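Okay, so here's the structure we're looking at.
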Amino acid sequence: MKEKQLLFFFFVATLLLVCLKYGYSQDVPRWPSTYNMNQSTIVMYCNFNYFTEYSQLPNWGIYDIDWSNAKQIWAKHKPMDCTELLIKQAAMLVKSSPYATSWVYRNSIKPNPWYTMCREILSNATYSPWFLKFDPKAKPYHVPQCDTNYNPPLCSDLYHDQTQTPGYPQGDGNCAAPACDCGSIPVGEYLFDPRAWNVSINHQTLGQWYINNYLFDATGGANSFVSGFFLDDFWTPSGPTEMEAHAVQDMGLTPSDLVAINTAYWNNMIEIRAELTKRGKFSW
């Protein structure tokens, strides 16, 4: 029993240190308090194939909608429009509930090109300083740089892998023939460069774009149905989470690069979470 108590206190102490280090100790939503238990609940779910009706999942306080929701629908669209279908799902659920709100998925490190706002800047070479790239010295890469379903193949120098991406004829979500449509870039998971947070392009820094266009556009925080976000994935001193195992090698990142990227990422997250709370939203 004593060992279990010590383990518990060690866990709590570690959690508090992490919260203090990254500023999460003040990360509290500014919503009105309630003792209605239904309004104090949250469910994160994903209907991979279709939309979900309120009658199938009633009486929750917050519906946290995963990016893969209705993937078998939006993966076939040309171009893919995941963000638009996420907010459509949010509206379906919130309009049917007397008190519910919705959260929508955003990846904190990956500008996935099935998100319209991400595809637009990934496709514009002017914005390339905001993203991490393949290292030409690291060839041959461990992941395809080009989508060979196109003729000629569709390629990008921006790092991307296919760990959790739609694909044609099959993938994590099946695209329609002749190939997945992400505009002028191949389908894949790309990566922001957190060190570029204050790099200004077209009179807007990455940080400003991230908050105002990525989080607070009409399919996110600017929509009255949305009260928060699930901000997925993160950077560690060893590299990004949920990417292909050789991502660091294929990007040619050095140990000092990883330290700089990891530090910048967590500093950026403090700013992001503070801005979300300031604007009346929340995340986890």
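The values are calculated or read from the model by the stated rules, or taken from the named source; none is laboratory data. As the structure is a prediction and not an experimental result, all values here were calculated from the model. Please note: Cβ atoms are built from the backbone with ideal geometry, for glycine as well, and neighbour counts cover all protein chains shown. Heavy atoms of the whole protein, side chains included, go into the accessibility calculation; ligands, DNA and RNA do not. Shrake-Rupley method; radii C 1.70, N 1.55, O 1.52, S 1.80 Å.
Give the residues of segment 89-122 that are open to solvent by 30 Å² or more (accessible area, probe 1.4 Å), under 18 Å from GLY61 (Cα atoms) and out of contact with any strand residue (DSSP E or B) (no Cβ under 6 Å at 6 or more places or on another chain), sorted by residue number. Within segment 89-122, MET92, LYS95, SER96, PRO98, TYR99 qualify. So is GLU84 closer than 15 Å to TYR190 by Cβ and open to solvent by 50 Å² or more (accessible area, probe 1.4 Å) or not? So GLU84 does not fit the description; no. Taken together, SER238, SER283, SER256, SER200 contain a single residue that is of a type in the set (Ser, Thr, Tyr) and farther than 29 Å from CYS155 by Cα, which is SER283. Quick check on GLY171: is it under 29 Å from ASP64 (Cβ atoms) and surrounded by fewer than 19 Cβ atoms within 10 Å (Cβ to Cβ)? Answer is yes for this residue. The lone criterion from (1) surrounded by 13 or more Cβ atoms within 10 Å (Cβ to Cβ); (2) in contact (Cβ under 8 Å) with a residue 40 or more places away in the chain; (3) outside any helix (DSSP H, G or I) left unmet by ARG30 is number (1).
For ASN59, the conditions (1) in a loop (DSSP other than H, G, I, E, B); (2) modelled with pLDDT of 95 or more are fulfilled apart from (2).
Taking the conditions exactly as written (surrounded by fewer than 20 Cβ atoms within 10 Å (Cβ to Cβ) and hydrophobic (A, V, I, L, M, F, W, C)), does ILE270 satisfy them or not? Answer is yes for this residue. Going through segment 174-217 one residue at a time, which ones are in a loop (DSSP other than H, G, I, E, B) and of a type in the set (D, E, K, R)? Result: ASP181, ASP193, ASP217.
Regarding VAL248, is this residue under 30 Å from ALA100 (Cα atoms) and among the β-branched types (Val, Ile, Thr)?
So VAL248 fails the test.
Whether a residue is assigned to a helix (DSSP H, G or I), crowded, with 19+ Cβ neighbours inside 10 Å and without any contact (Cβ under 8 Å) to a residue 24 or more places away in the chain was assessed, and VAL259 does not pass this test. Pairs are defined by a Cβ separation below 6 Å, a sequence spacing of at least 6 or placement on different chains, a first member in segment 143-160 that is under 22 Å from GLN249 (Cβ atoms), and a second member that is outside any loop (DSSP other than H, G, I, E, B) and aromatic (Phe, Trp, Tyr); the pairs so defined are LEU158/PHE131; LEU158/TYR190; HIS160/TYR190. Of the residues making up segment 196-251, those that are among the acidic types (Asp, Glu) and either without any contact (Cβ under 8 Å) to a residue 60 or more places away in the chain or open to solvent by 10 Å² or more (accessible area, probe 1.4 Å) (or both) are ASP217, ASP232, ASP233, GLU242, GLU244. Exactly one residue out of LEU154, LEU158, LEU132 is within 27 Å of GLU271 (Cβ to Cβ), touching a strand residue (DSSP E or B) at 6+ places or on another chain (Cβ under 6 Å) and open to solvent by less than 40 Å² (accessible area, probe 1.4 Å): that is LEU158. Candidates in segment 33-54 are the residues that are of a type in the set (S, T, N, Q) and without any contact (Cβ under 8 Å) to a residue 40 or more places away in the chain; of these, the one that is most open to solvent (accessible area, probe 1.4 Å) is SER33. For beta carbons closer than 9 Å, sequence separation of 6+ or different chains, a first residue in segment 61-75 that is free of Cβ contacts under 8 Å to residues at least 60 places away in the same chain and closer than 13 Å to TYR45 by Cα and a second that is in a strand (DSSP E or B) and small (Gly, Ala, Ser), the qualifying pairs are TYR63/SER102; ILE65/SER102.
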